[in-house]
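Participant: Take a look at this one; I'll ask things after.
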Amino acid sequence: MLARLWWGVRAYCLIAAMWVRSTMVYRTSFLMLAAGSFATSVLDFVAIMIMFSHVEVLGGFAFHEVALLYATSATSLGLADLLLGSFDRVGTRVRDGTMDTMLVRPVPALAQVAADRFALRRLGRIGQSVLVLGWALGGVDLAGGAWAPLLLAVTVLSGTAIFGAVFVVGGAFQFVAQDAAEVQNSFTYGGATLLEYPPTIFAKDLVRGVTFVVPLAFVNWLPVLRLLGRDDPLGLPGWADFAGPAVAAACCALAGLAWRSGLRAYRSTGS
C-alpha cells in the first residue's frame, strides 16, 4: 500500500516536472499567463473592496476580517487547483477515448490525471491571495496567542486537501456523467466564492449544508471564526473549529473510494 502510494507520488512529480519544463521553454508566455491569472484574481478582491466602499461592516464583519476569509479560501483553492485542477478534463478524456492511454500505462491513473497539463501559471492566483492574506493579518487581532499561526497554516493546508478531494470526486463523477465539469466547478470555484464572505449573511440551512453535507465550512469558516474570537452561527462545540485535518482526511478517503468506483464504471469508446 505504501509502496504504491509512493510510486503514485513519484509519478505525479515526474509528470508535473515534464510539463513545467515544457512551460519554461516559452518563459515570456508563462510570465504573461501568470500575470493574467494574478490580475483576474485581483478583480475578485476588487469586488469586495467596492462593497466596503459603501458599507463599514458586512454581516458584522469588518473589511480586514472579510479579507482574511477571502485570502484563506482563495489560497486553499489556488493550491488545490495547482495540484489537482486537471480533473475537470476527465469528461473530455472519457468522450474522446484518451483515458484508455492512461489506463494501459504502468502508472496510477489518479496520478496521471492530477498531473496532466500541470499549469504553473496558476501560481499567479496563489501569489495574489497570499498578498491579501498578509495584508489582512496586519489589520486583525487573532485570538489564541502563540498557536494562532499554527492554526492558520493548518487551516490553509486542510482547506487545500478538502478542495482537492472535491476535485477528485468531481472527476470520478464524470466517468458516469461525461459532461459534468461545470457541476464540479460549482462546488470548487463556487464553493470558494461562498467561503469568501461571512457565514452570518447566509441562511442557516445553507450554512448547515456546507457544514454537514459538503463540508466546505471546515476550509475556513470554522477555524477563522475561532481565530477572530467569534461564535459560529450553528453553535457547534468548540472542538469543531479544530476538526479541519480530520475532515480533510475523511474527504480524501471518500474521494479515493469515489475514484476507484468511477474507474470501475468506465467504459471505453473503443477508439
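Where a number appears in this text, it was derived from the coordinates with a stated rule and is not lab data. None of these values were measured; they are calculated from a predicted model. All Cβ positions, glycine included, derive from the backbone under ideal geometry; neighbour counts span all protein chains shown.
Participant: Given springs between every Cα pair under 10 Å in a Gaussian network model of the chain, which of LEU152, LEU82, LEU216 has the largest fluctuation?
Facilitator: Its mean-square fluctuation being the largest, the pick is LEU152.
Participant: GNM, the chain, Cα, under 10 Å: largest mean-square fluctuation among TRP147, TRP221, TRP19?
Facilitator: Its mean-square fluctuation being the largest, the pick is TRP147.
Participant: Could you compute the longest span of the chain free of trypsin sites (Lys or Arg not before Pro) located in DSSP loops and having at most 15 other Cβ atoms within 10 Å, not counting the site residues?
Facilitator: 118-266
Participant: At what distance in angstrom do the alpha carbon centres of region 10-78 and region 201-271 lie from each other?
Facilitator: Region 10-78 and region 201-271 have Cα centres separated by 21 Å.
Participant: Also, quick follow-up: Given a Förster distance of 25 Å, report the FRET efficiency between ALA246 and VAL213 from their Cβ-Cβ distance, rounded to the nearest 0.05.
Facilitator: Working from the Cβ atoms, E equals 0.90.
Participant: Still on this structure: Once every DSSP H run of n ≥ 4 in the chain is given -39500 (n - 2.57) and the sum is divided by its residues, what mean residue ellipticity at 222 nm do you get, rounded to the nearest 500 deg cm²/dmol?
Facilitator: Rounded to the nearest 500, the figure is -22500 deg cm²/dmol.
Participant: Further, regarding this structure: Suppose each label sits 7 Å from its Cα in the direction of the beta carbon; what would the THR92-VAL55 distance come out to in nanometres?
Facilitator: Label at THR92, label at VAL55, 3.8 nm between them.
Participant: Could you identify which residue out of VAL104, VAL224, VAL42 has the top mean-square fluctuation in a GNM of the chain using Cα springs shorter than 10 Å?
Facilitator: Highest fluctuation among the options: VAL104.
Participant: Another question, then. Which FRET efficiency value, to the nearest 0.05, do you get for HIS64 and ARG4 by plugging their Cβ-Cβ distance into 1/(1 + (r/R0)^6) with R0 = 30 Å?
Facilitator: 0.10
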